[in-house]
Amino acid sequence: MATTTITVSGMTCGHCEKAVKEELGALPGVTSVGVDLESGRVSIESEAPLTDEQLAAAIDEAGYEIAG
């Protein structure tokens with residue numbers, strides 16, 4: 001198991017949270033996604049490490065950006 005934590009900018013509501021969870025959850029091997037709207041922190045658990053490209057593409061598809 002691998003845990004990845006990223007910060008996503010622009011999330012403000014439950015719809016934002018759902019969109020991010022849906023796109024990240026669709027990545028191969030992802031078993032859970034946790035979102036903290038207040039801080040923008042997103043924790044992803046997966047069977048294998050995810051690449052930066054996979055994460056960026058999923059967040060972009062949801063309509064947001066990885067901060068920093």
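As a check on your grasp of the helix formula, calculate [θ] at 222 nm for the chain: sum -39500 (n - 2.57) over DSSP H runs of n ≥ 4, divide by the residue count, round to the nearest 500. If you can, show how the numbers build up before the last one.
Values: 2 runs with 23 residues, N = 68.
Computed mean residue ellipticity for the chain: -10500 deg cm²/dmol.
Could you tell me the relative contact order of the chain? Use alpha-carbon pairs under 8 Å, at least six residues apart, and round to a whole percent. Don't skip to the answer; put the middle values down first.
Numbers: 112 pairs, mean separation 31.1, N = 68.
Relative contact order, the chain: 46 percent.
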- Item | Zone residues, the stretch 14-33, relative to Met1, backbone N less than 14 Å from point 7 Å out along Cα-to-Cβ | 30-33
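Readers should treat all values here as calculations from the given coordinates under stated rules, not as data from a laboratory. Note that the structure is predicted; figures quoted are calculated from it, not measured. Reconstructed Cβ throughout: ideal geometry from the backbone, glycine too, with neighbour counts over all protein chains shown.
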